[in-house]
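Just so you know, all these numbers are worked out from the coordinates, no wet-lab data involved. The model shown is predicted, which means the values in this text are computed figures rather than measured ones. Note that we place each Cβ from the backbone using ideal geometry, even for glycine, and neighbour counts take in every protein chain shown.
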Amino acid sequence: MDGAQGYLAYCEAVRDPEDSGGQIVDFFCTRTNETVNQLIGLPGEQIVGQRMTAFFPSMKESGLFEKYCAVVETGQPQRFELHYPYDGFDNYTDVQAAPLGADGLVISYSFISELKKSQLAQQ
């Protein structure tokens, strides 16, 4: 994963054990590449095993969490652009999320802020 360009992470769903439907309530970070580690500002061993909302508390508010849940629940990959002006970030990203295994997903994203700002300025 560290040889991949861009930001790459593998996460697994955390399900509510008291919900008979097993609703997803968060995602555990299972593996991240060095680029993600640098973005979060911690070494990988301090990220792995932690919940995503520990690093991105506003991911539910932003709509990102819902999209990740849909990937796991439907088994269908998604690609989308997202503006994330939360948690000390203000970035436009191109996000690709694909299911992996029974309850996991691989997330790849790249920053496209300069491109989006240029497009918005032309409108």
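Between amide H atoms placed 1.01 Å from N, distances below 5 Å from Tyr7 occur with Tyr109, all of them 5 or more places distant or on a separate chain. With each label modelled as a point 7 angstrom along the Cα→C-beta vector, the Ala70-Ser113 pair spans 2.6 nm. Quick check for you: which residues of region 78-121 have the amide N under 16 Å from the point 7 Å beyond the Cα of Lys60 toward its beta carbon? Counting backbone N atoms under 16 Å from the label point, the list is 87. Straight Cα distances below 13 angstrom link Lys60 to the aspartates and glutamates Asp26, Asp87, with same-chain residues fewer than 8 positions distant left out.
Binning the alpha carbon pair distances of the chain at 10 angstrom intervals from zero yields the distribution 13, 44, 33, 9, 1, 0, expressed in whole percent.
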